Amino acid sequence: MLVPPHDTDAEKAVLGAVFLNNSALDDIVAVLGPSPDNFYNPSLGALYVAMLGLRGSGSPIDAVTLPNAVQGNTSEIIGLMSELMHFVPTSANAEYYAHQVLDAANMRELIGVSHTVAAQAETTDDAQGTLDFAQSAVFKIASTRRSASMCSITDALPDIQAEFDAIIESEDGMTGVASGIPALDETTTGWKNGELIIVAARPSVGKTAFLLSCMHHAASHGIPVLFFSLEMDTSKLGQRLVCLAGEVDVSTLRERFNTTNTEKQIKHTIGAMHNVPIWIDDSPALTLWQIRSEAMRFVARHRKEGGNCLVMLDYLQLMRSEDRVNGMSRTEEVGSLSRGLKLLARELSAPVIVAAQLSRAAGNDYDGFSMLDKLRESGSIEQDLDTCLILHKPHQTVHEELRNRNINPETTVFATVAKQRNGKTGETALTFDRPTQRMYGALDDNVQPSPWKGESPRDVARVERDGFDVGTYDDGGDDDAF
């Protein structure tokens, strides 16, 4: 029988270094974590846990204190301690030895995973489920290999200065991806790289329409967008996008085109949308690791140097977690998903915008700020997100006030920035044009026409002349691949 990969000398060197210098344990735990599982020798693992306990209590770690701290103290452990105290001449290489221990532990885990995957592949016809399990298991192993993230403020200052310079030099104050709604962008200054943005609402208020409007604006300015649609297939979502972009009444999808102009408008819009940087994944019930894998590939391939990308997901409560265990509540599962999405945003260094459902109780609230704690199955969503945008219809009590401001309450949706970790909060009135499923600022005097809308090639030329680049995006590869 083959012996699993391990490095006994490295394991002894790690603990021996602690006897020479107790503070070396801080460098070691930064690599190995607090669990003894990375040690192949269980006795050495027990010593490691005891050392951590002493260090945490502020006690010295030596031949006097350690024996009393070890659970299940045996003659073998006493002998090991005597050997460890003289195993290495210096503690300077403790971190190097810790990485060797971690490498061997990872190899053991990979072997275990491969055996499990092989057994599962031999006993099931569910190829996709087996692939999902394998991907998730390997990613968990990879995630234990932390890279050094500590940085002195001196080293970070050039990047900090560059961020301030970008704010100062920005003509419109935008430091992120614009939504296309000026009043809202004034509050958010755009969707920022590395941030998790939650767009929450009750059903039928317009979450998907809002996401599509933002996607339409970003893609119109050459920003690649990946849209995970867990609720709607690509065809249906694409039809809504065409109607939004072409300003076509969506009801034409359910009846014969009633005018020749409508048919021409749809054909023109579809023609103008060729090579627009939008990709849609409509796989149902996606897991977090599947989303991560696709998003990493997408950003790596399509982000241009110094440019932005945008990732969207519709919607959070339709996701599932491969980490769910017996007894885990749905609230705990959704909380786990929100934490994973926040980590994904940081890893991608791109904005991740996720639609989410509000609970029925939100219908009793008058304003978006009070709805923040009504995120359905919320778990820890509120603490994980960077920006929370609540979409809600105006309450009857403000209808007259809206009419006095020349705003139609029947077509109005409020967008409340109820939380913004690095910015201000506020409320913006939007017009939700339900026939075209387009959203724009209710008080915007000059709503920009869609860059994909027009009745003739001359109209397209006009749109391009006015600053939009339609149909010239080069993705560097096949249209149907990330």
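For the stretch 390-425: of the residues being surrounded by 15 or more Cβ atoms within 10 Å (Cβ to Cβ) and farther than 18 Å from LEU443 by Cβ, which is modelled with the lowest pLDDT? Restricting to residues being surrounded by 15 or more Cβ atoms within 10 Å (Cβ to Cβ) and farther than 18 Å from LEU443 by Cβ, the top hit is GLY423. Would you check which residues across the stretch 13-64 are part of a loop (DSSP other than H, G, I, E, B) and surrounded by 21 or more Cβ atoms within 10 Å (Cβ to Cβ) and list them? Residues satisfying the conditions are PHE39, ILE61. When each of THR65, THR90, THR116 is tested for being under 30 Å from PRO284 (Cβ atoms) and among the polar types (S, T, N, Q), the lone residue that passes is THR116.
Within the stretch 83-128, count every residue that is outside any loop (DSSP other than H, G, I, E, B), of a type in the set (S, T, N, Q) and over 20 Å from TYR40 (Cβ atoms). Show your work before the answer.
Filtering the stretch 83-128 for residues outside any loop (DSSP other than H, G, I, E, B) gives 83-84, 94-123, 127-128.
With the extra rule that they be of a type in the set (S, T, N, Q), the set shrinks to 100, 106, 114, 116, 120, 123, 128.
The next check asks that each one be over 20 Å from TYR40 (Cβ atoms); those that pass are 120, 123, 128.
Matching residues across the stretch 83-128 total 3.
For the stretch 225-239, residues that are touching a Leu at 6+ places or on another chain (Cβ under 6 Å) and surrounded by 21 or more Cβ atoms within 10 Å (Cβ to Cβ) total 3. When the stretch 397-423 is filtered for residues that are in contact (Cβ under 8 Å) with a residue 60 or more places away in the chain and within 25 Å of GLN437 (Cα to Cα), the ones remaining, listed by number, are VAL413, ALA415, VAL417. Could you tell me whether any residue of the stretch 123-133 is surrounded by 15 or more Cβ atoms within 10 Å (Cβ to Cβ) and of a type in the set (A, V, I, L, M)? Looking for residues that are surrounded by 15 or more Cβ atoms within 10 Å (Cβ to Cβ) and of a type in the set (A, V, I, L, M), one finds none in the stretch 123-133, hence no.
Show the residue pairs meeting these rules: Cβ distance below 6 Å; 6+ apart or different chains; first residue within the stretch 41-65 and over 19 Å from LEU102 (Cα atoms) and not assigned by TED's automatic domain parsing to the domain that holds ILE77; second residue among the hydroxyl-bearing types (Ser, Thr, Tyr) and part of a helix (DSSP H, G or I). Every condition considered, no pair remains.
Across the stretch 139-188, the qualifying residues are those that are among the β-branched types (Val, Ile, Thr) and closer than 30 Å to ASN38 by Cβ, and the one among them that is modelled with the highest pLDDT is ILE141.
Would you confirm whether any residue within the stretch 281-289 is in contact with a Pro (Cβ under 8 Å, 6 or more places away or on another chain) and at pLDDT 85 or above? Please lay out each step first, then the result.
Just the residues of the stretch 281-289 that are in contact with a Pro (Cβ under 8 Å, 6 or more places away or on another chain), to begin with: none.
No, every residue in the stretch 281-289 fails to be in contact with a Pro (Cβ under 8 Å, 6 or more places away or on another chain) and at pLDDT 85 or above.
As a summary of the residue check, ALA98 satisfies the conditions (1) more than 23 Å from ILE141 (Cα to Cα); (2) touching a residue at least 40 places away in the same chain (Cβ under 8 Å) except for the one numbered (1).
Looking at the structure I just gave you, is LEU84 under 39 Å from the mean Cα position of the chain (by Cα), farther than 30 Å from HIS115 by Cα, at pLDDT below 90 and surrounded by 18 or more Cβ atoms within 10 Å (Cβ to Cβ)? So LEU84 does not fit the description; no. Candidates are the residues of the stretch 322-356 that are within 17 Å of GLY190 (Cα to Cα) and in contact with a Gly (Cβ under 7 Å, 6 or more places away or on another chain); the one that is modelled with the highest pLDDT is PRO351.
Consider SER136 carefully, then state whether it is surrounded by 11 or more Cβ atoms within 10 Å (Cβ to Cβ), at pLDDT below 80 and under 28 Å from ILE198 (Cα atoms).
On the way: surrounded by 11 or more Cβ atoms within 10 Å (Cβ to Cβ): yes; at pLDDT below 80: yes; under 28 Å from ILE198 (Cα atoms): yes.
The answer is yes for SER136.
Flag: GLY79 does not match the condition of being surrounded by 16 or more Cβ atoms within 10 Å (Cβ to Cβ), small (Gly, Ala, Ser), closer than 26 Å to PRO4 by Cβ and without any contact (Cβ under 8 Å) to a residue 24 or more places away in the chain. Looking only at the stretch 215-224, decide whether some residue is surrounded by 24 or more Cβ atoms within 10 Å (Cβ to Cβ), touching a helix residue (DSSP H, G or I) at 6+ places or on another chain (Cβ under 6 Å), modelled with pLDDT of 90 or more and outside any strand (DSSP E or B). Yes, the stretch 215-224 has at least one match. Close contacts from the stretch 332-346, counting a first residue that is within 17 Å of ALA300 (Cα to Cα) and a second that is basic (Lys, Arg), with Cβ to Cβ under 7 Å and a gap of 6+ residues or different chains, come to LEU344/ARG292. Assess whether LEU237 counts as being in the same structural domain as LYS264 (by TED's automatic domain parsing) and within 20 Å of ALA350 (Cβ to Cβ). So LEU237 fails the test.
The values are calculated or read from the model by the stated rules, or taken from the named source; none is laboratory data. Just so it is clear, the model here is predicted, and its values are computed rather than measured. Note that we place each Cβ from the backbone using ideal geometry, even for glycine, and neighbour counts take in every protein chain shown.
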